[in-house]
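Please read the structure below before turning to the comments.
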Amino acid sequence: MKLIGIADTTFARSDMGAAAIDELKKSGTGFRILRYTVPGMKDLPVACKKLIEEQKCDIVIALGMPGPKDKDKVCAHEASQGLIQTQLMTNTHIIEVFVHEDEAENEKILAFLADRRSREHALNAYNILFHPERLTKNAGKGLRQGFDDVGPV
């Protein structure tokens, strides 16, 4: 039985973790889900590391929603660097799912984007574990999580 970790934050303005979990439950069987919620994005790297090392997760989805200010963008970059370092330290995939508040022109679109991106990346995590050939089949197709795909060149 595989273990999928969900690391999310209270800082996000949408329950991205719930969306990812809902999508995973629809995708198949053969796994359990562990959720670990932390205050902010910079807490995600250690949450992911704990899910991997202490809880033995096979993959982790890290979900966060940076605000629109410059300070928020710096924090998101720092969190992203920490997630990359954690992946390298643990040799385990962490699917980073960040939705920046300024990606959407209004709150309705922001909510839609957060839900859709969380769900699409949940499927990516599932496919990495159980069906990596699906990702290979889609290589170079310009797929985007959350927004419309742009297609190949």
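The values are calculated or read from the model by the stated rules, or taken from the named source; none is laboratory data. Since the model is a prediction, treat every value here as computed from it, not as a measurement. When we count neighbours, we look across all protein chains shown, and the Cβ atoms used for this are built from the backbone with ideal geometry, even at glycine. Note: areas computed on protein heavy atoms with side chains; ligands, DNA, RNA excluded. Shrake-Rupley method; radii C 1.70, N 1.55, O 1.52, S 1.80 Å.
Within region 100-147, being charged (D, E, K, R) and in contact with a helix residue (DSSP H, G or I) (Cβ under 7 Å, 6 or more places away or on another chain) holds for E101, E103, D115, R119, R134. Looking at region 71-93, is at least one residue in a strand (DSSP E or B) and either surrounded by 17 or more Cβ atoms within 10 Å (Cβ to Cβ) or charged (D, E, K, R) (or both)? For region 71-93, residues in a strand (DSSP E or B) and either surrounded by 17 or more Cβ atoms within 10 Å (Cβ to Cβ) or charged (D, E, K, R) (or both): absent.
Taking region 13-46 as the range and being open to solvent by less than 20 Å² (accessible area, probe 1.4 Å) and not in a helix (DSSP H, G or I) as the test, the residues that pass are V38, G40.
May I ask you to list the residues in region 3-12 that are assigned to a strand (DSSP E or B) and surrounded by fewer than 20 Cβ atoms within 10 Å (Cβ to Cβ)?
L3, the sole residue that qualifies.
If the condition is being at pLDDT 95 or above, open to solvent by 80 Å² or more (accessible area, probe 1.4 Å) and not charged (D, E, K, R), then region 99-149 contributes F112, T136.
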